[in-house]
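The values are calculated or read from the model by the stated rules, or taken from the named source; none is laboratory data. This structure is a prediction, so every number in the text was calculated from the model and none was measured. Note that each Cβ is placed from the backbone with ideal geometry, even for glycine, and that neighbours are counted across all protein chains shown.
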């Protein structure tokens, strides 16, 4: 069981690093050009509109989740008993990512929810000289850790890309929200009274 948990930790670290680097790279590129153009989405399509309005928020969320995944993998590799609960939560998030994510998520749930996974957590708690956490206490600690990491990830991402990039994306969001789908033709301006008329 210890070998399976170690391999599971390596996979979570790997995908966590890939997620953080990939999402941060796209977020950096989106500061200079629209995200829809970077992804090659057809102009005017629903996917392009969604990327223009919510792309930044989705990328920041991806960075936060990937950072949590990375920390969870490190916890499994270091035999930290608190890593079991967030790894179960991450395994559930992996399930919709067919086929690789589904396989890893199913394997993670099967490994950590089994009697062997519970014994691994108890042995890890004894190794770290800490009492075994109750289920409720473990859930509260996991939620606290996940919320803190998510907040720190959002703060660091905004600090890295600077206020200019944030202002640029905010202006794009406001423009997308205020623009109407169809341009209303402006009425022809009436001639100013007293203005000279052209001779035909």
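Computed quantities for the displayed model
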{"quantity": "All positions within the stretch 70-89 that are buried (at least 23 other Cβ atoms within 10 Å of the Cβ) and in contact (Cβ under 8 Å) with a residue 60 or more places away in the chain", "calculated": "72, 73, 76, 83, 86, 87"}
{"quantity": "The stretch 110-124 residues that are at negative phi and at pLDDT 85 or above, paired with ones that are surrounded by fewer than 15 Cβ atoms within 10 Å (Cβ to Cβ) and assigned to a helix (DSSP H, G or I) (beta carbon under 9 Å, 6 or more apart)", "calculated": "112/118"}
{"quantity": "Subset of the stretch 42-60 that is without any contact (Cβ under 8 Å) to a residue 12 or more places away in the chain and in a helix (DSSP H, G or I) - its residue that is farthest from the chain's Cα centre (by Cα)", "calculated": "46"}
